[in-house]
Amino acid sequence: MYRAPRGTSDILPQEQAYWRYIDKKIVDLCQLYGYERIDAPAFEDTGLFLRTVGEETDIVEKQMYTFKDRGGNKLTLRPEGTAPVCRAYLEHGLHNLPQPVKLYYIASIFRYERPQAGRYRQHYQFGYEAIGDDDPALDAEVIDMAWQFFLSLNLHHLSLQLNSTGCKKCRPRYLTELKDYYSDHTQELCSDCRARLKRNPLRLLDCKKPSCQQLANSAPKSIDYLCPQCDEHFNRLKRYLSLLDLPFAVNPRLVRGLDYYTRTVFEVQPEAEGAQSALGGGGRYDDLIEELGGKPTPALGFAAGIERIILNLKQQGVPIPPLPQPQVFIAYIGDQARDGAVKLASALRRAGIGVSEAISGKSLKAQLRQANSLGARYTVIIGEQEVTNNTVILRDMTTAQQKTIPLPQLERELQ
RNA sequence: GUGAGUGUCGCCUAGCGGUCUAAGGCGCCAGGUUGUGGCCCUGGAGAACGAGGGUUCAAAUCCCUCCACUCACCCCA
C-alpha cells in the first residue's frame, strides 16, 4: 500500500473547517491592510535560494529539495516564501507601481527535515511582503497586521518579541564584539555552539542549552551597537508600536534563521512552553532586492505556519464554525420515483439549493438515516403515490413534521 | 544527522507464551412486518496481530534485523 511520503499529510474533509476558517481570516485581513494576492511557482532556480537565504543556513545546507529537470536546470522546491515574491517583483517590474507594493501568499513550503509536532516536509505558510519603503511606520503596520491576524483567529496567550539586528554598516562591528566575547568563553560552550562561533555567530544567542543561555544573557546585544540610522529606526518603530498598543517585548536574543534579515526582526510565540514555538515571524530585508539584481529597495515581511496555527487552535479549544452542508436530502422509493428524484435534484441545484441524495436504491429507512447523518435540514420523499399525484413529501428533520405539497411548490417552500 | 518511544479491523482499545484460526467500543451495512431518521435491540462485514528471520512442542505475546509512525534535539513556520 502506498502512503503519503514522510512528513507530508492529507488534509481530510474533517480537517477542512480549520483551513477554510484560516483562509477566510487571511483574505479579510489582507483586504483590510491593502495587500494583494500573489502566487509564485512551487519551484524556482536553485540559485535564487542560495543567493538570498544564505549559504551557511540550515535551509540551504541540508533542507532543500533540489533536483535537475530534463533540460538540466537545477531547481528547488521553495523552502520559504519571500525570495520568490521578490523575484516576481523584479521580473514583472513591480517597482513601477506606487511603493510600497504589498503582496500576500498562501503557499506550500518544502523542507527536508525530520518531521515532528508542528514540523513537516511539506507545510503551508501564509505570508506577506511590503516592498519599497523603509519607514518604520511600515514596520509597525506589518507587525500590527501579524498581531491582528492572530487575534482575529481567536488565539490567545501569545507573545510578540522584537529585536533589531542592524544593517550591513553596523552589523559587522557587532559581530566582531560578539565573537570577541564568546572567544573568551569557548570552554563553556557546547560543541554545537563552538561550530556556530565560526560560521554564524548570531545563532549562538538562541542555543537552548542552559549553560549557553547564561552566556547569551550577558553577551553583547545588537541593539547596543546600532548605527545612528538603525537606532533611530528602531526607536521610532517602538514608539509606533506603543502608539498602536501592541504588547511587544524587546528580546535582544531574538535571531532569525535566514541571513537576509536586517534591522527589524520579530516573532509571535505561544506563551505555553513547547517545542516548535514560533507561530510566525518576520522582519526587514533591505538588501535582498538589490542582491537579486534590483535597485536598492527596502522591504519587510512576515510569514506564519498554518499547521502550527491549527495545532494551537486545537490546544486552546477555539471553536471553529462548521462548513456548510447541503440543506436538502432527496429520498425515493421505486424506479419510477427515481427518475423524478434525479430530475428534482438537478432542478433544485440549478435554483441554488444544495442537495444530497441516495444514489442507489436503499430502503427508505436507510435513506433517512443517511439524511440524518449528513445533517440535512429537510428531506424530500418521493414514492409511487407522489409520482402519480405530482406531489412530494417535505419532511423537516429537526421537528419531524412533514407535509405533502405539489411538486411545483417545493422550490418556493425551500427558499 | 542524533536520541527516546510506539506499531493488533477505517478509528480507539483489550489480550503480554497455550483457552486467539484474536475480544470490545465507535463507525459502516442490514433487519426490528407492509413507504420514514436521530434513542434502543438484533445480526453482519471488517485485522492471520508493521515486515522478515529466530527461540519454543506451542508466539499477537520472548529475541534479532529492517520498515513505518510519534516525540525530542539540531533548526525553523
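Along each principal axis of its Cα atoms, how long is chain A end to end? Whole angstroms, biggest number first, please.
94, 49, 49
How much of the calculated P(r) for region A:328-414 lies past 19 Å, in percent of all Cα pairs?
I get 28 percent for the Cα pairs in region A:328-414 exceeding 19 Å.
Have a look at region A:140-202 and give its Rg and Dmax from the Cα atoms, expressed in angstrom.
My reading of the Cα-based Rg and Dmax gives 17.6, 47 Å.
Neighbour counts of other C-beta atoms within 10 Å: give me A:350, A:284 arranged from fewest to most.
With the sparsest Cβ surroundings first, the list reads A:350, A:284.
Determine the relative contact order of region A:328-414: mean sequence separation of Cα pairs under 8 Å and six or more apart, normalised by residue count, in whole percent.
Reported as a whole number, the value is 31 percent.
What is the Cα centroid distance between region A:279-316 and region A:165-229, reported in whole angstrom?
Between the Cα centre of region A:279-316 and that of region A:165-229, the gap is 23 Å.
Shape call for region A:57-123 from the C-alpha gyration tensor, a ≥ b ≥ c root eigenvalues: rounded (a/c under 1.5), prolate (a/b greater than b/c) or oblate?
Since a/c reaches 1.5 but b/c is at least a/b, the shape of region A:57-123 is classed as oblate.
Considering the options A:359, A:41, A:115, tell which one lies farthest towards the positive end of the dipole of chain A, charges being +1 on Lys and Arg and -1 on Asp and Glu at the Cβ, about the Cα centre.
A:359
Which residues does the label zone of residue A:335 cover in region A:365-392, counting backbone N under 19 Å from a point 7 Å along Cα→Cβ?
Within reach of a label on residue A:335: A:382-388.
About the Cα centre of chain A, what is the dipole size in debye to 20, counting +1 per Lys and Arg Cβ and -1 per Asp and Glu Cβ, all else neutral?
1020 debye
Sorted from fewest to most neighbouring beta carbons within 10 Å, what does the list A:95, A:156 look like?
Taking fewest neighbouring Cβ atoms as first place, the list is A:156, A:95.
Rounding to the nearest 20 debye, state how big the charge dipole of region A:328-414 is about its Cα centre with +1 on each Lys and Arg Cβ and -1 on each Asp and Glu Cβ.
240 debye
Out of the DSSP beta bridges found with both residues in region A:328-414, what percent are antiparallel (nearest 5)?
The antiparallel fraction comes to roughly 55 percent.
By how many nm would the segment from residue A:112 to residue A:277 lengthen if fully extended, with 0.36 nm per residue of separation less the alpha-carbon distance?
Length gained between residue A:112 and residue A:277: 57.5 nm.
Label residue A:403 and residue A:198 with points 7 Å out from Cα along Cα→Cβ: what is the distance between them in nm?
Computed distance between label sites residue A:403 and residue A:198 equals 8.5 nm.
I want to check the label-to-label distance for residue A:68 and residue A:2. Put each point 7 Å from Cα in the C-beta direction and report it in nm to one decimal.
2.6 nm
To the nearest 20 debye, what charge dipole does region A:35-162 have about its Cα centre, counting +1 at the Cβ of each Lys and Arg and -1 at the Cβ of each Asp and Glu?
780 debye
Separation of region A:339-374 and region A:55-69 by C-alpha centroid, Å?
A separation of 52 Å, based on Cα centres.
What percentages make up the Cα-Cα pair-distance distribution of region A:257-333 when the bins are 10 Å wide from 0?
In order of increasing distance, the bins hold 14, 29, 21, 16, 11, 6, 3, 0 percent.
Calculated from DSSP H runs of 4 or more alone, at -39500 (n - 2.57) each and per residue, what is the 222 nm mean residue ellipticity of chain A, nearest 500?
Here the helix-only value at 222 nm equals -11000 deg cm²/dmol.
Full extension from residue A:23 to residue A:10: what is 0.36 nm times the residue separation minus their Cα-Cα distance, to one decimal in nm?
3.0 nm
Sorted by mean Cβ packing within 10 Å, highest first, what order do the peptides A:260-269, A:47-56 take?
Output ranking for A:260-269, A:47-56: A:260-269, A:47-56.
Between residue A:173 and residue A:384, what is the FRET efficiency for a Förster distance of 60 Å, r being their Cβ-Cβ separation, to the nearest 0.05?
In this case the efficiency is close to 0.10.
We did not get these values from a lab; they are worked out from the coordinates using the rules stated. Remember, it's a predicted structure, so these values are computed and weren't measured experimentally. Don't worry about glycine lacking a Cβ; one is built from the backbone with ideal geometry, like all the others, and counts go over all protein chains shown.
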